[in-house]
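Reading through the structure tokens given below for one structure.
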Amino acid sequence: MLFVTIFVPKFSLQALFIKRPELQSEPIALVDGTPPMLKVIAANERACKLGVEIGLMKAQAEAVGVHIIQRSVELEDAAHVLLLGCARSFSPRVQDKAIDLIVLDIDGLKSLFGPPEQIAAKIHSSLLRERFTVNVAVAGNPDSATIGARGYEGVSIISDAAQISRLPLPLLDLSSAQLETLNLWGITTLGGLASLDPKALSQRLGHEGVQLQKLARGQQITPFVADEEQIEFHERSELEYSIDLLDSLSFVLSSLLERICAKLKDHSLATNEVDYEFALDPPRIAGQDLPEEQLAYRRTIKLPNPTTDRTLLLRLIQLDLQAHPPGAAIQKISARAHAVRPRHIQQGLFAPHTPDPGKLELLTARLADLVGKHEVGSLELLDTHRPRAFVMARFEPETDPATSTRSRSWPSRVGLRLFDPAKRANIRIRSDVPLRLSFDGKSGDVIQHSPPWLASGDWWNEMGYDRKEWDVEVQFADGTKAKYRIFLDLFTNQPFIDGSYD
Amino acid sequence: MSSQASILRTQIEAVLANRIPGALTFRPAIETETISFGIPELDQQLVGILRGCLTEICGPASSGRTTLMLAAMREVTQRGECCALVDASSAFDPHSGAANGVKLKNLLVVRCAAPHFKLTPVDKALHAVDMIVSHGGFGLIVLDLGDIKPQLAQKIPLHHWYRFRRAVESTNSCLVVIEQHPFAKSCSAQVISLQSCDSEWATARDQIGRPKLLTGIRYVAEVTRSRIALGQRKPPGCVGAQFRIATPWAG
């Protein structure tokens, strides 16, 4: 196995210079902290020559005449995304160890990029084009590659432990106590630590000391765990004038989604989740600060099946906006698509015909727009004896042909038609025997009935029920007969018709 | 004369080609697939529900419309197809569906009874059916107007039924309408009228001589209209079947 580690020295400064390259020629000191306790966290060579050191107070740094800039986490995040993207363009197996440190597994890439030295050189030059000055090291394990990248400038190949023996001890992330102890023993390099007797080291520094020695000897102590690839495609647009019409907004959104879908297609990926965010421009009263929720509008569209269909995504967002309109005109628009592998389904010749999964989401969104979000989907039964215990769930049919075969034959059973909600009725009951039923302007005599069935439960919460049920057959005045399930709510002593057997 | 007629027909068809392809061309009847009900007495007598057609199942309350609808849903969902139920009065009971073997995961339910500032439940149901039919891919689409008063259902404009008929006729879907009286007129390929015959109550009696449980209902189904003949054509009104369905707790 071969690993490459990319280390970006003075990452905060480099992130700044990528965005503002004109500052490279000036003495720059980056400060961070809570005002007024702002301290220097990084400085370029010109600033160092003027006497600026890490940890200096902002006022002291200003006194020597350097340009002071506040550290920007946004710039660092953007630079890190750029760094990760570049690393992923070489290997799919990448471990993001720190904001300035990335480890790649380059095993098996020889046929694509050449021998390890060439891969490291290509990574180095590729990052140089992105204005990163990085150290790249190749080694047989990720720990040695990391030490090499931290210790040597430019490209280095660590083929044996002797190559890292000259490097200083602080590269190993020692605690101050451990460093002081080792310095007292006269050990300042990795080679010195590697040459100690492990047993004696264990007695004095414990297990941690042995682990440090393994690192110094070029051995691996932490496993390489490739990150799950979370690729996102992000597009944003700032508008010259605020938009308050859906048609105009759709036009801008369409171009944003088109760019995202093009990127997805370029990477042979699709998306199953799109976040979109608007910066709003609500009417303001002078001197009054508005809460965050009035200034920003965020929504997420989720799809059961990944897609790259711009029209489908746009229509889903339009329907979502119609159902949940933003409260003010829109100034900025941004959309972020979470990329996943597209789903390919091999349809069988004899497989049942099912709705197009891509368009099904659009259909359910349109239906939800018509009848309401909670009125469309597939019904799921709840594990309780409570009457009408079911919820509306997302409609995701089982399209797997393996599950579509008939497992057993089902006999037909008499179905119940529910009255939604249960219908209030006048029911004459004597000694638990229902005698006459009146509802909706018609009435009839009960000619057959079952004995009462008592049901109660959920008394410990607000869903509690306590009722007495009967199945009855009623003959109306016009001679027609019908079968109903009636019940008496014992909390309120009110009679209801639950539904009819049909 | 005949050549002039054929030229005229060609010209008319050319003008209408974009809107109605082959407007005056005779289309031979194609053999229609059916969905059985899974009820032996019924399947022996009736042809089942016709694919690519509009079928009306009508009858008064407790006449077996829901039971027949659940049987058709079971047959469709159990073979892996999807089914859509547009429920104008939100009357569907999923427990009854599960007891009948309907695979609820493959059943798209659209409940239309919730109040709307502009649309009535029937309007919403018709819009929903329009969307589902034009989307395609559903083996069975049920429009349940069973609890809608006939006076209201009668006011549904005929063009809705005509459009539904045209939309499903070139597909593999069945469109079934549950209602109290048939309203689609000539747009429906088949009308199945149902009536309740008698109910069965457990004969065992309790201490004071009352029957115990409703154990089953006998229904009578009759095909009162059928436009499509499968095999030998039978005159409408003559095809009927009596069948008994047990209640879920009857075993």
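A:Ala422 meets each of the listed conditions (1) crowded, with 20+ Cβ neighbours inside 10 Å; (2) at the interface with chain B (Cβ under 9 Å from one of its Cβ atoms); (3) assigned to a strand (DSSP E or B); (4) out of contact with any Leu (no Cβ under 8 Å at 6 or more places or on another chain) apart from (2). The set of residues in region A:331-370 being more than 29 Å from A:Tyr297 (Cβ to Cβ) and either away from chain B (no Cβ under 14 Å) or exposed (fewer than 13 other Cβ atoms within 10 Å of the Cβ) (or both) consists of A:Arg341, A:Pro342, A:Arg343, A:His344, A:Ile345, A:Gln346, A:Gln347, A:Gly348, A:Leu349, A:Phe350. Among the residues making up region A:414-443, those that are under 45 Å from the mean Cα position of the chain (by Cα) and charged (D, E, K, R) are A:Arg417, A:Asp420. Is there a residue in region A:315-322 that is part of a strand (DSSP E or B) and in the same structural domain as A:Ser237 (by TED's automatic domain parsing)? The answer is no, given that none of the residues of region A:315-322 is part of a strand (DSSP E or B) and in the same structural domain as A:Ser237 (by TED's automatic domain parsing). Output the residues belonging to region B:96-136 that are in contact (Cβ under 8 Å) with a residue 40 or more places away in the chain and under 17 Å from the mean Cα position of the chain (by Cα). Passing the criteria: B:Ala128, B:Val129, B:Ile132, B:Val133. Name the residues in region B:192-224 that are modelled with pLDDT under 85 and among the basic types (Lys, Arg), would you? Answer for region B:192-224, where residues must be modelled with pLDDT under 85 and among the basic types (Lys, Arg): B:Arg205, B:Arg210, B:Lys212.
Just to be sure, is A:Arg284 more than 23 Å from B:Leu107 (Cα to Cα), touching a residue at least 12 places away in the same chain (Cβ under 8 Å) and more than 14 Å from chain B (Cβ to nearest Cβ)? So A:Arg284 fails the test.
Put simply, of A:Thr300, A:Thr271 the only residue that is closer than 24 Å to A:Arg394 by Cα, without any contact (Cβ under 8 Å) to a residue 40 or more places away in the chain and not in a loop (DSSP other than H, G, I, E, B) is A:Thr300. Do we have any residue at all in region B:97-108 that's farther than 23 Å from B:Ser199 by Cα and touching a Phe, Trp or Tyr at 6+ places or on another chain (Cβ under 6 Å)? Checked against the condition, which is being farther than 23 Å from B:Ser199 by Cα and touching a Phe, Trp or Tyr at 6+ places or on another chain (Cβ under 6 Å), region B:97-108 yields at least one hit. Taking the criterion of being more than 14 Å from chain B (Cβ to nearest Cβ) and part of a loop (DSSP other than H, G, I, E, B), the residues of region A:485-502 that qualify are A:Leu490, A:Phe491, A:Thr492, A:Asn493.
Of the strands (runs of 3 or more DSSP E) lying entirely inside region A:429-484, those containing at least 3 residues that are buried (at least 16 other Cβ atoms within 10 Å of the Cβ) are A:433-439, A:442-449, A:465-476.
State all residues of region A:386-402 that are of a type outside the set (D, E, K, R) and under 18 Å from B:Phe92 (Cα atoms); if no residue qualifies, say none. Break it down stepwise before answering.
Pass one, region A:386-402, residues of a type outside the set (D, E, K, R): A:387, A:389-393, A:395, A:397, A:399, A:401-402.
Within region A:386-402, A:Pro387, A:Ala389, A:Phe390, A:Val391, A:Met392, A:Ala393, A:Phe395 qualify.
For region B:89-108, a tally of residues being at the interface with chain A (Cβ under 7 Å from one of its Cβ atoms), in a helix (DSSP H, G or I) and of a type outside the set (A, V, I, L, M) returns 5. A:Ala328 fulfils the conditions (1) in contact with a strand residue (DSSP E or B) (Cβ under 9 Å, 6 or more places away or on another chain); (2) in contact (Cβ under 8 Å) with a residue 24 or more places away in the chain; (3) crowded, with 20+ Cβ neighbours inside 10 Å except for a single criterion, (3). The residue that is surrounded by the most Cβ atoms within 10 Å (Cβ to Cβ), among those in region B:109-163 that are aromatic (Phe, Trp, Tyr) and assigned to a helix (DSSP H, G or I), is B:Trp161. The criterion of at least 1 residues that are in contact (Cβ under 8 Å) with a residue 60 or more places away in the chain is met by the following strands (runs of 3 or more DSSP E) wholly inside region A:131-244: A:135-139, A:232-243.
Taken over region A:465-501, residues that are closer than 22 Å to B:Thr67 by Cβ and basic (Lys, Arg) amount to 3. Within region B:62-88, being facing chain A (nearest Cβ under 7 Å), touching a helix residue (DSSP H, G or I) at 6+ places or on another chain (Cβ under 9 Å) and among the small types (Gly, Ala, Ser) holds for B:Ala71, B:Gly80.
In region B:172-184, the residues that are within 11 Å of another protein chain (Cβ to nearest Cβ) and more than 14 Å from B:Ala91 (Cα to Cα) reach residues that are of a type in the set (Phe, Trp, Tyr) and buried (at least 23 other Cβ atoms within 10 Å of the Cβ) with C-beta atoms within less than 9 angstrom, at least six apart or across chains, in these pairs: B:Ser173/B:Phe138. Restricting attention to region B:1-41, which residues are in contact with a helix residue (DSSP H, G or I) (Cβ under 8 Å, 6 or more places away or on another chain) and at pLDDT 85 or above? Matches in region B:1-41: B:Ile35, B:Ser36, B:Phe37, B:Gly38, B:Ile39. With the structure loaded, tell me whether B:Cys112 is more than 9 Å from chain A (Cβ to nearest Cβ) and not small (Gly, Ala, Ser) or whether it fails that test. Here the answer is no, as B:Cys112 does not meet what is asked.
Looking at the structure I just gave you, is A:Gln322 over 30 Å from A:Phe3 (Cα atoms), touching a residue at least 12 places away in the same chain (Cβ under 8 Å) and either touching a helix residue (DSSP H, G or I) at 6+ places or on another chain (Cβ under 6 Å) or polar (S, T, N, Q) (or both)? Against the criterion (over 30 Å from A:Phe3 (Cα atoms), touching a residue at least 12 places away in the same chain (Cβ under 8 Å) and either touching a helix residue (DSSP H, G or I) at 6+ places or on another chain (Cβ under 6 Å) or polar (S, T, N, Q) (or both)), A:Gln322 qualifies.
For region A:144-165, taking the residues that are among the charged types (D, E, K, R) and modelled with pLDDT of 90 or more, the one that is farthest from A:Thr222 (Cα to Cα) is identified as A:Glu153.
The values are calculated or read from the model by the stated rules, or taken from the named source; none is laboratory data. Everything numeric in this text was worked out from a predicted model, so none of it was measured. Reconstructed Cβ throughout: ideal geometry from the backbone, glycine too, with neighbour counts over all protein chains shown.
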